[in-house]
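J.: Below is the structure I would like to discuss, written out as structure tokens.
The values are calculated or read from the model by the stated rules, or taken from the named source; none is laboratory data. Since this is a predicted model, take the numbers as computed values, not measurements. Heads up, the Cβs are rebuilt from the backbone with ideal geometry, glycines too, and the neighbour counts pull from every protein chain shown. These area figures cover heavy atoms from the full protein model, side chains too; ligands, DNA and RNA do not enter into them. Shrake-Rupley method; radii C 1.70, N 1.55, O 1.52, S 1.80 Å.
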Amino acid sequence: MTNTHGLGHLDVLISGASVAGPALALNLARHGARVTVVEKAPALRRGGFAVDFRGHVHRTVLTSMGIWDEIHARQTRMGRQTVVGADGTPRVDLPAEMMSGDVEIFRGDLAHIMYERTRDSVEYVFGDSVASLTEVPDGVEVTFEHGAPRRFDLVVGADGLHSRTRRLVLGDESRHLRFLGHYVAGFGMPNHLGLIRTGRLYSEPGRCVGVNNYDGDPERAGALLVFRSERLAYDRRDVDAQKRILADRFAGTGWEAPAVLKALQDADDLYFDAIAQIHVDRLTQGRVALLGDAGYGATMGGMGTGVAVVAAHVLAGELALAGGDHHAAFAAYERLVGPFAKACQKISGNAGPFFAPPTERRIRSRDRMYRLLASRPMAGFFKRLTEKAATGIRLPDYPA
Ligand SMILES: Cc1cc2nc3c(=O)[nH]c(=O)nc-3n(C[C@H](O)[C@H](O)[C@H](O)COP(=O)(O)OP(=O)(O)OC[C@H]3O[C@@H](n4cnc5c(N)ncnc54)[C@H](O)[C@@H]3O)c2cc1C
């Protein structure tokens, strides 16, 4: 172990170039580490859902990364979203601060900002994937699906909810993925409702249809479908099978569901997954660490993006504090990020039942509760409630 804060002697491989991967790359590169990011997609993935930041911890971290202003420059400026009845009548307005935090940005735009900041100092390898990891006394031997084998000092799995890195070091996904009884889908569609920076949500027992427009494009909107379900067996690469599941589950649903289902048939950007959480006993194993959704993912509603950037800041900061000693740094990472991420995950448990309450009665009581929470006297209370988890970590002072 060296007693300097520089990490110039450290070779780090990061698997995944979405949010967590580039965030760690940015933090590590600033400390001088040599960083390689391997991403299975052929190029940086665009699009994705709008993700938000809230509270002083997110702000502190994004400011220290030097991207706070750029995030604001590219924020969605999404307005309120409205829960409607079957005939489109407004039932509850959900204010922007409730749904979109202090600042909101598309996941793809955030990834792009961090990629642009690091592309000259970090090696990005697209279209490849880690195939095997073998720990040896002074590093990790890594083989790739396409590239030649290489050795790194440390490997970080930032490869999402279905992380291969996690599978390689901690075993099969079924041991770590906790299904929360709902599925979620999203895709682009024509903006036939003429929405501009606003959204509509319609719930029937166990189902929710949303149409939203985050970016002000008069032509395009986004569709959101959430449904309550037992665990489904399907091929995650078979998009047509996923479309059939959705068409089946939403057949006969009211409001704009027929138009949304029609658009689904033409969608070439369908996202479909279970609402689930990742729970692991430990975030590190030897010289390998898990970061972001790979270690404590929550699909939606768990502030996964905020957690990922805070965790990247902590992991890089602890490595710098420890002069690259991964034993000390990983122990501190587990201690600081573990409970923080768990508390944020807890909130995400409400996402499915929020969008798709199981009965008419529950839909009405959700609407009543959110009418109250969105009312002026309660607005501060709601903000404090969501910020409590987002700010539930005390950041140590790391070397600049
Ligand atoms: C419907 C929905 C709504 C959401 N809403 C919000 C929100 O409002 N606020 C919020 O904060 N968060 C939200 N999230 C969560 C947020 O998108 C994630 O928490 C965040 O993107 C985590 O980033 P990540 O980098 O850990 O993982 P991911 O974004 O999943 O990225 C993983 C990356 O790894 C790559 N990869 C996968 N496997 C491999 C492999 N074998 N080799 C190499 N690369 C690989 C993938 O291609 C991808 O680029 C939402 C998520 C969903 C699904």
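J.: At a probe radius of 1.4 Å, what is the per-residue accessible area of HIS146, in Å² to the nearest 10?
T.: The value for HIS146 is about 140 Å².
J.: Using alpha-carbon positions, what is the distance between the centroids of the stretch 167-233 and the stretch 85-124, in Å?
T.: First find each Cα centre; the distance between them is then 14 Å.
J.: While we're on this one: Among GLY48, TYR296, LEU193, flag the residue with its Cα farthest along the positive direction of the charge dipole of the chain, charges on Cβ as +1 for Lys/Arg and -1 for Asp/Glu.
T.: In the chain, that residue is LEU193.
J.: Something else now. Taking amide H positions as placed 1.01 Å from N in the peptide plane, with prolines and chain starts having none, which residues 5 or more places from GLY32, or on another chain, fall under 5 Å of its amide H?
T.: Sorted by chain and number, the residues that satisfy this are LEU7.
J.: Under the classification rounded if a/c is under 1.5, otherwise prolate if a/b is larger than b/c and oblate if not, where does the stretch 183-316 fall, given a ≥ b ≥ c as square roots of the Cα gyration tensor eigenvalues?
T.: Details: a/c = 2.43, a/b = 1.66, b/c = 1.47.
Verdict is prolate for the stretch 183-316.
J.: While we're looking at this one, here's another question. Where is the GNM fluctuation largest for the chain (alpha-carbon springs, 10 angstrom cutoff): ALA274, ALA298, ALA251?
T.: In the Gaussian network model the winner is ALA251.
J.: Oh, and also: Suppose each label sits 7 Å from its Cα in the direction of the beta carbon; what would the ASP172-MET378 distance come out to in nanometres?
T.: Going from the ASP172 label point to the MET378 one covers 4.4 nm.
J.: Ordered by residue, what ³J(HN,Hα) values in Hz, to whole numbers, does the stretch 81-93 give under the Karplus form 6.51 cos²θ - 1.76 cosθ + 1.60, where θ = phi - 60° and Gly and Pro are x?
T.: 10, 10, 7, 10, x, 4, 8, x, 5, x, 10, 8, 9
J.: Can you sort HIS162, HIS58 by solvent-accessible area, 1.4 Å probe, largest first? Don't skip to the end; give the middle numbers.
T.: Numbers: HIS162 50, HIS58 0 Å².
Largest accessible area first, the list is HIS162, HIS58.
J.: Probe 1.4 Å, all protein chains in place: accessible area of ARG244 in Å², nearest 10?
T.: 150 Å²
J.: If you don't mind, there's one more thing I want to ask. Tell me, what ³J(HN,Hα) does each residue in the stretch 126-139 have, in order and in whole Hz, if you take phi through Karplus 6.51 cos²θ - 1.76 cosθ + 1.60 with θ = phi - 60° and put x for Gly and Pro?
T.: Calculated HN-Hα couplings, in order: 9, x, 9, 8, 5, 9, 8, 10, 10, 7, 10, x, 10, x Hz.
J.: Which FRET efficiency, nearest 0.05, do THR143 and HIS9 yield, Cβ-Cβ r, R0 25 Å? Walk me through the numbers before you get to the answer.
T.: Working: r = 24 Å, r/R0 = 0.94.
Computed FRET efficiency for THR143 and HIS9: 0.60.
J.: Among ARG107, ARG119, what's the order by accessible area (1.4 angstrom probe), most exposed first?
T.: Numbers: ARG107 30, ARG119 115 Å².
So, going from the largest accessible area down, we get ARG119, ARG107.
J.: At 7 Å along the Cα-to-beta-carbon direction for both THR60 and HIS192, put a label point, then send me their distance in nm to one decimal.
T.: Reported label-point gap for THR60 and HIS192 is 4.9 nm.
J.: Moving on. If a helix is a whole DSSP H run, which ones in the chain reach 24 Å or further along their own axis (Cα) and hold a mean Kyte-Doolittle hydropathy of at least -1.0? Intermediate values should be presented prior to the final figure.
T.: Values: long enough: 304-321 (25 Å, 1.59); 326-348 (31 Å, 0.07).
Long hydrophobic helices here: 304-321, 326-348.
J.: Sorting HIS326, HIS9 by accessible area (1.4 Å probe), largest first, what list results? Write down the numbers at each step before the final one.
T.: Values: HIS326 15, HIS9 80 Å².
Output order, biggest surface exposure first: HIS9, HIS326.
J.: Pick out, from SER121, SER132, VAL83, the residue whose Cα sits farthest towards the positive end of the charge dipole of the stretch 47-140, with +1 on the Cβ of Lys and Arg and -1 on the Cβ of Asp and Glu.
T.: Of SER121, SER132, VAL83, it is VAL83.
J.: Using 0.36 nm times the number of residues separating MET369 and ARG236, minus their current alpha carbon distance, what extension gain do you get? The partial results should precede the final answer.
T.: Details: separation 133, 0.36 × 133 = 47.88 nm, distance 3.59 nm.
Answer, rounded to one decimal: 44.3 nm.
J.: Sticking with this one: Before rounding to the nearest 500, sum -39500 (n - 2.57) across all DSSP H runs of length at least 4 in the chain and divide by the residue total; then give [θ] at 222 nm in deg cm²/dmol. Before the final figure, lay out the partial values.
T.: Values: 14 runs with 151 residues, N = 400.
Only helices count here, giving -11500 deg cm²/dmol.
J.: For the stretch 340-400, just say rounded, prolate or oblate: build the C-alpha gyration tensor, square-root its eigenvalues into a ≥ b ≥ c, call rounded for a/c under 1.5, and beyond that prolate if a/b exceeds b/c, oblate if not. Provide the component values of the computation, followed by the final result.
T.: On the way: a/c = 5.24, a/b = 1.89, b/c = 2.77.
Oblate shape, in that a/c is at least 1.5 and b/c is the bigger or equal ratio.
J.: Just to be sure I understand: of the beta bridges DSSP finds with both ends in the chain, what percent are antiparallel, rounded to 5?
T.: Values: 49 of 69 bridges.
Percent antiparallel among DSSP bridges in the chain is about 70.
J.: Quick one: how many Å² of GLU360 are accessible to a 1.4 Å probe, rounded to 10?
T.: My reading of the accessible area for GLU360 is about 90 Å².
J.: Would you please give the residues with an amide H less than 5 Å from that of ILE14, counting only those at least 5 places away or on a separate chain, with H modeled from the backbone geometry?
T.: The answer is THR36, VAL37, VAL38, VAL156.
J.: Expressed as a whole number of Å, what is the distance separating the alpha-carbon centroids of the stretch 366-388 and the stretch 288-342?
T.: 30 Å
J.: Then there is this: How about LYS383: which lysines have a C-alpha closer than 30 Å to its C-alpha, ignoring those fewer than 8 places off in the same chain?
T.: Straight-line reach from LYS383, under 30 Å: LYS342, LYS346.
J.: A follow-up question, please. How large a share of the accessible area of the chain, in percent, is made up of carbon and sulfur atoms when the probe is 1.4 Å and the other protein chains stay in place? Intermediate values should be presented prior to the final figure.
T.: Working: 8730 of 17540 Å².
Roughly 50 percent, rounded to a whole number.
J.: Over the Cα atoms of the chain, Rg to Rh with Kirkwood Rh, two decimal places?
T.: Working: Rg = 21.2 Å, Rh = 21.8 Å.
Dividing the radius of gyration by the Kirkwood radius yields 0.97.
J.: Ok, one more. Classify the stretch 264-316 as rounded, prolate or oblate, taking a ≥ b ≥ c as the square roots of the eigenvalues of its Cα gyration tensor: rounded when a/c is under 1.5, otherwise prolate if a/b is larger than b/c and oblate if not. Present the calculation step by step, with values, prior to reporting the outcome.
T.: Numbers: a/c = 2.51, a/b = 2.13, b/c = 1.18.
The shape class here is prolate.
J.: Let me ask something else. Rounded to the nearest whole Å², what accessible area per residue is found for the stretch 189-251 with the 1.4 Å probe? Can you show the working numbers first?
T.: On the way: 3040 Å² over 63 residues.
Solvent-accessible surface per residue comes out at 48 Å².
J.: Over the stretch 10-133, what is the percentage of antiparallel beta bridges among all DSSP beta bridges, to the nearest 5? Working shown, then result.
T.: Working: 8 of 17 bridges.
Looking only at bridges with both residues in the stretch 10-133, the antiparallel portion is about 45 percent.
J.: A further question on this structure: Averaging sequence separations of C-alpha pairs under 8 Å and six or more residues apart, then dividing by the length of the chain, give the relative contact order as a whole percent. Let's see the in-between values first.
T.: On the way: 838 pairs, mean separation 86.0, N = 400.
RCO, the chain: 21 percent.
J.: Report Rg (one decimal) and Dmax (nearest whole number) for the stretch 1-129, counting Cα atoms only, units Å.
T.: My reading of the Cα-based Rg and Dmax gives 18.2, 67 Å.
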